Amino acid sequence: MLIEIPDPSLVLLIGPSGAGKTTFARRHFRATEVLASDAFRALVSDDEGVKDADSDAFQALRFVAAKRLRRGRLTVIDATNVRPRSRRPFVALALVRDLPVIAVVFDLPQAVRQARNLAHRALPAEVLEQQARGAGDSLPVLRQEGVSQVYVLDSEQAVEEAIVRRRPIAVRPAIAPGTPAGTASVRQLELLEP
Ligand SMILES: Nc1ncnc2c1ncn2[C@@H]1O[C@H](COP(=O)(O)OP(=O)(O)OP(=O)(O)O)[C@@H](O)[C@H]1O
Ligand SMILES: [Mg+2]
């Protein structure tokens with residue numbers, strides 16, 4: 001599958017734990033383009049697995065995403081992103097800058113999901129399946145949420161064979177000449193609230 005990524009844009013990786021989001025991001029994007037929830041959990045708490053750091057970690061992640069998008073930099077969100085309320089603030093940050101949002105959904109067969117999970121974080125089966133259902137349920141609603149293009153990787157082969165191609169697009173300046181300093185950033189800060 002050819003995955004065409006407008007550059008700049010916001011890329012949401014969507015899928016349960018172990019689906020291969022981080023592996024995919026590492027393979028297809030620059031390290032600085034990828035904002036990973038694990039990395040931000042580690043930055044705020046010294047431990048990427050500490051779930052009670054989620055609120056601080058995601059706030060910091062959204063802050064950096066806002067800065068990158070404001071500067072017209074391609075930004076990849078490496079988090080499960082399986083719930084509409086998780087995706088909403090990221091989509092808003094891109095749309096306020098008129099940047100397209102691309103979703104790459106990992107919808108792998110159950111057997112693959114379970115085997116990966118066992119070897120990876122070994123989350124409880126019900127947690128994993130809830131995440132997987134969330135990813136599947138997101139498919140019909142992503143467009144309504146503002147996502148312009150949805151790519152579904154539904155097998156290990158599809159993931160393996162995926163080709164990511166960037167397509168440069170024109171962007172409007174972050175702050176139009178003559179705009180009082182701060183006008184744009186106030187709007188962005190409002191979007192940062194959880
Ligand atoms: N294409 C692939 N083929 C085979 N194994 C893979 C593939 N992608 C990832 N894996 C393996 O699956 C495991 C989970 O991958 P990865 O860490 O990329 O998942 P993730 O979606 O980022 O999970 P999490 O949401 O928990 O961070 C790793 O052990 C990785 O080596
Ligand atoms: Mg990961």
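The values are calculated or read from the model by the stated rules, or taken from the named source; none is laboratory data. Treat the numbers as computed from the prediction; the structure is a model and nothing was measured. Glycine also receives a Cβ, built like all others from the backbone with ideal geometry; neighbour counts cover every protein chain displayed.
Odds and ends about this structure:
- Scan of the range 119-135 for residues that are touching a Pro at 6+ places or on another chain (Cβ under 8 Å) and of a type in the set (A, V, I, L, M), ordered by number: LEU128, ALA132, ALA135
- Where helices (runs of 4 or more DSSP H) fall wholly inside the range 107-150, the ranges with 3 or more residues that are without any contact (Cβ under 8 Å) to a residue 60 or more places away in the chain and over 22 Å from ALA94 (Cα atoms) are 110-119, 125-138.
- Residues (part of a helix (DSSP H, G or I), modelled with pLDDT under 90 and surrounded by 10 or more Cβ atoms within 10 Å (Cβ to Cβ)) located in the range 155-186: THR183, ALA184, SER185
- Subset of the range 70-84 (residues that are outside any loop (DSSP other than H, G, I, E, B) and charged (D, E, K, R)): ARG70, ASP78
- Being in contact with a Gly (Cβ under 7 Å, 6 or more places away or on another chain) and among the basic types (Lys, Arg) is a description that applies to ARG83.
- Checking each residue in the range 1-31 for being within 13 Å of ligand 2 (Cβ to nearest atom) and either in a helix (DSSP H, G or I) or surrounded by fewer than 18 Cβ atoms within 10 Å (Cβ to Cβ) (or both) picks out LYS21, THR22, THR23, PHE24, ALA25, ARG26, ARG27.
- The number of residues in the range 1-31 being within 20 Å of VAL64 (Cβ to Cβ), among the hydroxyl-bearing types (Ser, Thr, Tyr) and within 13 Å of ligand 1 (Cβ to nearest atom) comes to 1.
- Test result for ILE102, part of a strand (DSSP E or B) and either among the polar types (S, T, N, Q) or more than 14 Å from the chain's Cα centre (by Cα) (or both): no
- VAL50 more than 14 Å from ligand 2 (Cβ to nearest atom) and more than 27 Å from VAL96 (Cα to Cα): yes
- Of everything in the range 32-58 that is assigned to a helix (DSSP H, G or I) and closer than 12 Å to LEU74 by Cβ, the residue that is nearest to ligand 1 (Cβ to nearest atom) is GLU33.
- Looking across the range 25-48, the residues that are more than 18 Å from SER86 (Cβ to Cβ) and touching a residue at least 24 places away in the same chain (Cβ under 8 Å) come down to HIS28, PHE29, GLU33.
- When the criteria are applied in full, ALA94 fails the requirement of being of a type in the set (A, V, I, L, M), outside any strand (DSSP E or B) and surrounded by fewer than 19 Cβ atoms within 10 Å (Cβ to Cβ).
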